[in-house]
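Read the structure below first, then the notes.
The values are calculated or read from the model by the stated rules, or taken from the named source; none is laboratory data. Because the structure is predicted, anything quoted here is derived from the model rather than measured. Cβ placement follows ideal geometry from the backbone for every residue including glycine, while neighbour counts extend to all protein chains displayed. Side chains are part of the model used for accessible areas, which takes the heavy atoms of the whole protein and leaves out ligands, DNA and RNA. Shrake-Rupley method; radii C 1.70, N 1.55, O 1.52, S 1.80 Å.
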Amino acid sequence: MIVLGIESSCDETGVALVRTQGPGVPTLLSAALHSQIAMHQAYGGVVPELASRDHIRRVIPLTMQVLAEAQIAQSAIDVVAFTRGPGLAGALLVGAGAACALAAAWGKPVIGVHHLEGHLLSPFLSQDPPEFPFVALLVSGGHTQLMRVDGVGRYTMLGETIDDAAGEAFDKSAKLLGLGYPGGPALAQLAEQGNPTAYALPRPLLHSGDLDFSFAGLKTAVLTQIKRLVADVPEGARVRADLMLNLSAQARADMAASTQAAITEVLVKKSLKALQQSGLKRLVVAGGVGANKSLRKQLDAACAQRGVRVHYPELHLCTDNGAMIALAAAMRLQTGSTQAQRSYAFDVKPRWPLDAIA
Ligand code: KG4
Ligand code: ZN
C-alpha cells in the first residue's frame, strides 16, 4: 500500500510518500518540504493568512515532486492522507482541500490525520524504531504533553501544559533576547556559549506532584532578569531603542543558557516521573523541541541511569513534515484503527485533543 501524506497545519508545507508491506514498519519513499520561516520572519511570528496563501502555492508542486522522486505514478497511490487538526484553520483547510481534490480526481480514498499523532509516531521512521507501550513526551510550538501510548490510537494523557507550550517558552524568551523567529533553535545555539547556572529562573510546577507543566511565567522571569541587568548599566551608557541591546554578548548567552536549562530541567524531571509512575521502560520524544541537543543529552543520561530506552525521530522529522502524516495514516490503516473514506466532503479540527481520537 502506498500512502501520500500532506501536512499544512502551520508554517510548513510537507508532502511525502510511504509504503507498507505487511505488518512491518512503513518505509519512507520520498519527502518534500517548504518552510515559510523566511516569509514570516519579517513579522516576528506566523501570520495565518499568509501561511494559508503560501500553502496553496506549494502543495501541488511538492506533491508532483515527491511522485517524481519516488518514480511513483498517480495511479499507484492507494490512499491520500492530510492533517485534519489541530492547527491554523485556514492552513488546515488548504491541505484538506488539496488532498480531497486530488483523491477525488484520482478516484482514491482519503484519511484525515491528527497532527500530534504524526509527531508521536514519527520515531517509527528512525533507524531504531520503538516498540509499544511507551511514555511519549510531545514537545512542540503549540503542545507540551506526556502520554501513555499502548498502541496506535491508544493514547492516555498523563499531563500537559496549563498555559504556554515548551516551544512557545523558547520562542518568547528568544524574542526578548532579540533573536529571530522561530527562536527555539537560535536560543539553543546561543546557549552553547552561555552558563546555564548564571541566572536563577523558575522551574514551574517542578514539585507539583502531578505531570502538568506551566511555562507562561518563564518569559516574565526572563524579562525581569533582563531589566535587572539593564538597571546595572550606567544611565549615560544605556541604549534606549531596545532593552536587550544593553546586555553584553556574554550576558545574553548566559540568559539563553539559563532559560534553556529551566525549560529542559522541568521536561526531563516530569518525563522521569511519568516513567516511574507508569512503570514503563521506554520513552519517545517528539515535536520540534525534541530537536534540542541539551534536552536530548540530559534525557539520554538520566534514562541510561534508570535502564530506560529513549527514542527520537530523525532530526529532520522533529519539526513539521509530510512523512509523519503519511506514516500515521499508514499505521492506522495497518492496525485497522481507521478506514479510509471515499467521501470527499471534509472538515478540519483546529482544536482537537489527541486522547479524543479513537
Ligand atoms: O513541532 P513543531 O515543528 O511545530 C508545532 O507543531 O508546533 O515545533 C516547533 C517548535 C518551535 O517553538 C521551535 O522554536 C521549537 O519547536 N524548536 C526548538 C528547536 N527546534 C525547534 N526548540 C528548542 N531547541 C531546538 N533545537
Ligand atoms: Zn507540529
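Laid out as a table, the results:
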item	result
Test: residue 204 is more than 10 Å from ligand 1 (Cβ to nearest atom) and open to solvent by 50 Å² or more (accessible area, probe 1.4 Å)	no
Pick from the stretch 284-340, criterion of a type in the set (Val, Ile, Thr) and within 21 Å of the chain's Cα centre (by Cα), ranking: farthest from residue 144 (Cα to Cα)	325
Sole residue being open to solvent by 10 Å² or more (accessible area, probe 1.4 Å), within 30 Å of residue 305 (Cα to Cα) and modelled with pLDDT of 95 or more, chosen from 266, 289	289
The stretch 102-128, residues that are more than 13 Å from ligand 1 (Cβ to nearest atom), within 16 Å of residue 9 (Cα to Cα) and open to solvent by 10 Å² or more (accessible area, probe 1.4 Å)	112
Lone qualifier among 85, 90, 45 - being surrounded by fewer than 17 Cβ atoms within 10 Å (Cβ to Cβ) and not basic (Lys, Arg)	45
Residue match in the stretch 190-197 (condition: of a type in the set (Gly, Ala, Ser), open to solvent by less than 40 Å² (accessible area, probe 1.4 Å) and not in a helix (DSSP H, G or I))	yes
Cross-chain or 6+ apart pairs with Cβ under 6 Å, the stretch 30-41 first and closer than 20 Å to residue 327 by Cβ, then open to solvent by 60 Å² or more (accessible area, probe 1.4 Å) and not aromatic (Phe, Trp, Tyr)	30/69; 32/65; 34/58
Residue within the stretch 72-81 that is in contact (Cβ under 8 Å) with a residue 12 or more places away in the chain, open to solvent by less than 40 Å² (accessible area, probe 1.4 Å) and either farther than 20 Å from residue 326 by Cβ or within 16 Å of ligand 1 (Cβ to nearest atom) (or both) present	no
Unique match (being open to solvent by less than 60 Å² (accessible area, probe 1.4 Å) and among the aliphatic types (A, V, I, L, M)) among 249, 256	256
Residues being more than 27 Å from residue 186 (Cβ to Cβ), touching a Ser or Thr at 6+ places or on another chain (Cβ under 9 Å) and open to solvent by 20 Å² or more (accessible area, probe 1.4 Å) - total across the stretch 1-40	5
Positions within the stretch 272-295 being among the charged types (D, E, K, R) and under 24 Å from residue 325 (Cβ atoms), in sequence order	282
Which listed residue, of 330, 302, 356, 323, is open to solvent by less than 50 Å² (accessible area, probe 1.4 Å), over 22 Å from residue 183 (Cβ atoms) and out of contact with any helix residue (DSSP H, G or I) (no Cβ under 8 Å at 6 or more places or on another chain)	330
Single condition residue 162 does not satisfy, out of (1) out of contact with any helix residue (DSSP H, G or I) (no Cβ under 7 Å at 6 or more places or on another chain); (2) crowded, with 18+ Cβ neighbours inside 10 Å	(2)
Residue 186, sole failed condition from (1) touching a residue at least 40 places away in the same chain (Cβ under 8 Å); (2) away from ligand 2 (no atom under 15 Å from the Cβ); (3) part of a helix (DSSP H, G or I)	(1)
Top-ranked residue of the stretch 228-238 - restricted to ones that are under 16 Å from residue 198 (Cβ atoms) and assigned to a helix (DSSP H, G or I), ranked as most open to solvent (accessible area, probe 1.4 Å)	228
Selection count where residues are more than 11 Å from ligand 1 (Cβ to nearest atom), touching a residue at least 24 places away in the same chain (Cβ under 8 Å) and charged (D, E, K, R), scope the stretch 129-180	4
Test: residue in the stretch 303-321 that is closer than 22 Å to residue 100 by Cβ and assigned to a loop (DSSP other than H, G, I, E, B)	yes
